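A quick write-up on the structure given underneath.
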Amino acid sequence: MRNATSLLPAVVPAVAALLLLTACGSEHAGVLGAAGPGAGSGAAVPVSDPPVDGVRITSVTIPTGTPSPSPSDHLVHADPLPAADSGISAAYEVTNSGTQDLTYTVLFDFTTDSGAVMGNHAETVRSVAPGATRRGTVRLGAPAPGSSRVSRIKVAQVTRVPAAEAPPAPGVCPPSGIRLGNDAGDAAMGLRVVGLRLENCGKRDYTLDGYPRLELLDDDLAPVHGVRIFHGSGGIGTGTGFDDPARPLVLKPGESAVSGLMWRNTTEFGTAVDVPYVRVRAKEGAAPVTVTPHLDLGTTGKLAVRAWTREAS
């Protein structure tokens, strides 16, 4: 277990697994000098970069129609593709070196030479058994209007949670009948807020009794100690609704409730604390769901929790 007095590793850095694509006119391209046996056959070009937290990009593809300002020594011609799809893609594999089934969410960035992100996609790979490897392909799809040429693909972020505690896939209702997840969050003047949303997707009424139960976890999914969790704002921010009193709720099937987490990432004296994972129970005794809000708590050591409230229809 780790204490808040030690610096926790952040979720995988975005600079990892950077792959240089030498795009030119009509081509499939890979890392300079790394073109494999398929370089003249129209196949994707293999790459050999090391894995990032178990995720490795194994090949990259840039098909016909991808513009480039200069020629390349690694040209692989392909059939033209519809203008609606860039055809840019990367094959990847996920290997679980842990001891329990894990669900991975991998964010891939498609960038220019200068690092500007032209698009990104998150891929979720569910229930990877210990020692197992799963493979997939991530595609850029249609480029944004006016976007620059994509010449690099990188693994920007990897998160992994116990498979039994992963938020369900969209449209899937878990056996608990409760679907729970977090939003992307909001930030202003150092104040950070991440919303929690709970939906009763089952067939029975579901009661809530105030505040969600939280367990803060580090990058190794071990508990983080030394952070004070407040029911209400805890003086972190005003006018946020976090001090609204808790009231019992009964959610009919199809109804939802919302809560939230609030903190400041102020860094003064001491060691900053990052909390990449939060294990959430909707109420005492509920099945846990591990979400990935990445709480950059700075040196404040304080986290506020808002009571469950009925979501406005």
Checklist entry - Amide H to amide H under 5 Å from Q157: which residues, 5+ apart in sequence or cross-chain, H placed 1.01 Å off N in plane? => result L107
Item to check | Solvent-accessible surface (1.4 angstrom probe) belonging to K283, in square angstrom, nearest 10 | outcome: 50
Item to check | Order by protection proxy (mean Cβ within 10 Å, highest first), peptides 271-279, 207-215 | outcome: 271-279, 207-215
Next on the checklist: Please list 3J(HN,Hα) in residue order for the range 234-246, calculated via the Karplus relation 6.51 cos²θ - 1.76 cosθ + 1.60 where θ = phi - 60°; whole Hz, with x for glycine and proline.
Outcome noted: x, x, 6, x, 10, x, 9, x, 5, 8, 4, x, 6
Checklist entry - Which distance in Å, rounded to a whole number, links the C-alpha centroids of the range 214-242 and the range 257-313? => result 5
Checklist entry - For the range 200-296, what does the alpha-carbon gyration tensor say about shape, rounded, prolate or oblate, given a ≥ b ≥ c as the root eigenvalues, a/c under 1.5 as rounded, and a/b over b/c as prolate? => result oblate
Checklist outcome for this item: Expressed in square angstrom to the nearest 10, the accessible area of T238 with a 1.4 Å probe stands at 130
Checklist entry - Given H placed 1.01 Å from N in the peptide plane, which residues other than close sequence neighbours of V224 have an amide H under 5 Å from its amide H? => result L216, L217, D218
Checklist outcome for this item: The ³J(HN,Hα) series, computed from each phi in the range 209-225 with the Karplus coefficients 6.51, -1.76 and 1.60 at θ = phi - 60°, rounded to the nearest Hz and given as x for glycine or proline, is 10, x, 10, x, 8, 10, 9, 8, 10, 8, 5, 9, 6, 9, x, 9, 10
Item to check | Sequence-distant lysines (8 or more away, or on other chains) whose Cα lies within less than 27 Å of K302 | outcome: K283
Item to check | Exposure ranking of R134, R56 by accessible area [1.4 Å probe, largest first] | outcome: R134, R56
Item to check | Label zone at T124 (point 7 Å along Cα-to-Cβ), backbone N below 20 Å, the range 250-270 | outcome: 254-261
Checklist entry - If amide H atoms are built 1.01 Å from N in the plane of the peptide, which residues on other chains or at least 5 residues away come under 5 Å of the amide H of G119? => result F110
Checklist entry - Which distance in nm do the two modelled labels at T271 and A132 give, with both placed 7 Å along the Cα-to-Cβ direction? => result 3.6
Checklist entry - Where does each of Y92, Y206 land when they are ordered by accessible area, with a 1.4 Å probe and the largest first? => result Y206, Y92
Checklist entry - Can you list the HN-Hα couplings for the range 129-135, worked out from phi with the Karplus curve (6.51, -1.76, 1.60; θ = phi - 60°), rounded to whole Hz and with x for Gly and Pro? => result 6, x, x, 8, 10, 10, 10
Checklist entry - Distance in nm between label sites at A169 and D243, each 7 Å beyond Cα in the beta-carbon direction? => result 4.5
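The values are calculated or read from the model by the stated rules, or taken from the named source; none is laboratory data. The structure displayed is predicted, hence computed values, not measured ones. Glycine also receives a Cβ, built like all others from the backbone with ideal geometry; neighbour counts cover every protein chain displayed. When the accessible area is computed, the model is the full protein with side chains, heavy atoms only, and any ligands, DNA or RNA have been set aside. Shrake-Rupley method; radii C 1.70, N 1.55, O 1.52, S 1.80 Å.
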